[in-house]
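For reference, the structure discussed in these notes is given below.
The values are calculated or read from the model by the stated rules, or taken from the named source; none is laboratory data. From a predicted model like this one, the values you see are computed outputs, not experimental measurements. Here the Cβ positions follow ideal geometry from the backbone for every residue, glycine too, while neighbour counts run over all protein chains shown.
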Amino acid sequence: MIKLKNNPAGNFFLLAGPCVIEGEDMAMRIAERVVTITDRLQIPYAFKGSYRKANRSRLDSFTGIGDEKALKILKKVHDTFGVPTVTDIHAAEEAAMAAEFVDILQIPAFLCRQTDLLVAAAQTGKIITIKKGQVRSPLAMRFAADKVVEAGNKNVMITERGTTFGYQDLVVDYRGIPEMQTFGFPVVLDVTHSLQQPNQTSGVTGGMPQLIEKIAVYATGGSRNLIKTRAKAGIAVGADGLFIETHENPSVAKSDGANMLKLDLLEGLLTKLVRIREAIK
């Protein structure tokens, strides 16, 4: 797996950044702020930013500033701050292109069964993080991970991002995190998209960012040893990492502003999570 700064601290790791790269200045400011916070708290960190958003509700929705331009910004973040970068890809032909600029390729939830996409991503040799489909069971994600491994790449992570509940809501079944950990790969909780409210009649996805702290605290509060102790049912399940989208001003963000945590709130949240992690080690 990729080397992350601050790994000896034994913390959960963090994938965080804006939903989409809106420009170089915003990306660099967010990266600098999160690097400063995670260095202080000794949290292993990778910068997240989509170079293009292909899965938009409407034709007039913002998709990006241009593939190569955005990917070069992600490379600059890596080179400037010394942290890995992660971006999502939506088609097999994107894999090799994106892999030239980033360290981790993310497979969106609604594409987690696409064999050609998973194989193309695997063949880049990069770390592949696969988001669990909103209608997939946790144990069914073994088959998605196996496709990557059988294509010659054992560097896999799986992300829990919620399960469809009705037409406009998602829920998280926390049993799925330890279930997916039995595959032998790190499991990440996406505390941003698990709070999405999709399929809004406006064509703009809603969300509940005010609940991010509650979701994150619950998910990060355990260790693997405690997971095995059924009697301690109140202890949280112990995700290996967290995925959080953050923006300086979510109200003017060009994509998924309703889901993102305001950047000013990130340090306080992460400080609480580190304390909880320490308390239950």
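Screening Val171 on (1) farther than 22 Å from Pro44 by Cα; (2) surrounded by fewer than 22 Cβ atoms within 10 Å (Cβ to Cβ); (3) touching a residue at least 40 places away in the same chain (Cβ under 8 Å) shows it passes everything except condition (3).
For the range 85-95, a residue qualifies if it is assigned to a helix (DSSP H, G or I) and surrounded by fewer than 20 Cβ atoms within 10 Å (Cβ to Cβ), and the qualifying residues are Ala92, Glu93. For the range 205-226, state whether one or more residues are among the small types (Gly, Ala, Ser), in a helix (DSSP H, G or I) and modelled with pLDDT of 90 or more. No, that holds for no residue. Checking Ala98, Ala54, Ala70, Ala46 one by one, the residue that is in contact with a helix residue (DSSP H, G or I) (Cβ under 8 Å, 6 or more places away or on another chain) and either in a loop (DSSP other than H, G, I, E, B) or surrounded by 14 or more Cβ atoms within 10 Å (Cβ to Cβ) (or both) is Ala98 and no other. Within the range 2-42, restricting attention to residues that are small (Gly, Ala, Ser) and assigned to a helix (DSSP H, G or I), the residue that is modelled with the lowest pLDDT is Ala9. Of all positions in the range 102-110, at least one carries a residue that is part of a helix (DSSP H, G or I), under 18 Å from the mean Cα position of the chain (by Cα) and buried (at least 16 other Cβ atoms within 10 Å of the Cβ).
Considering (1) of a type outside the set (Gly, Ala, Ser); (2) more than 17 Å from Gln123 (Cβ to Cβ); (3) not in a helix (DSSP H, G or I), the lone condition that His78 does not fulfil carries the number (3). For Thr129, state whether it is among the hydroxyl-bearing types (Ser, Thr, Tyr), out of contact with any Asp or Glu (no Cβ under 8 Å at 6 or more places or on another chain), closer than 22 Å to Leu117 by Cα and buried (at least 18 other Cβ atoms within 10 Å of the Cβ). Yes; evaluated as a whole, the condition is true for this residue.
Listed here are the residues, each with its yes/no results for (1) surrounded by 20 or more Cβ atoms within 10 Å (Cβ to Cβ); (2) in contact with a Gly (Cβ under 9 Å, 6 or more places away or on another chain); (3) not in a helix (DSSP H, G or I).
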position: Gly238; (1), (2), (3): yes, yes, yes
position: Phe243; (1), (2), (3): yes, no, yes
position: Thr246; (1), (2), (3): yes, yes, yes
position: Ser251; (1), (2), (3): no, yes, no
position: Asp256; (1), (2), (3): yes, yes, yes
position: Glu267; (1), (2), (3): no, no, no
position: Leu273; (1), (2), (3): yes, yes, no
position: Ile276; (1), (2), (3): no, yes, no
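Out of curiosity, is Phe165 of a type in the set (A, V, I, L, M, F, W, C) and closer than 22 Å to Thr87 by Cβ? So Phe165 does not fit the description; no.
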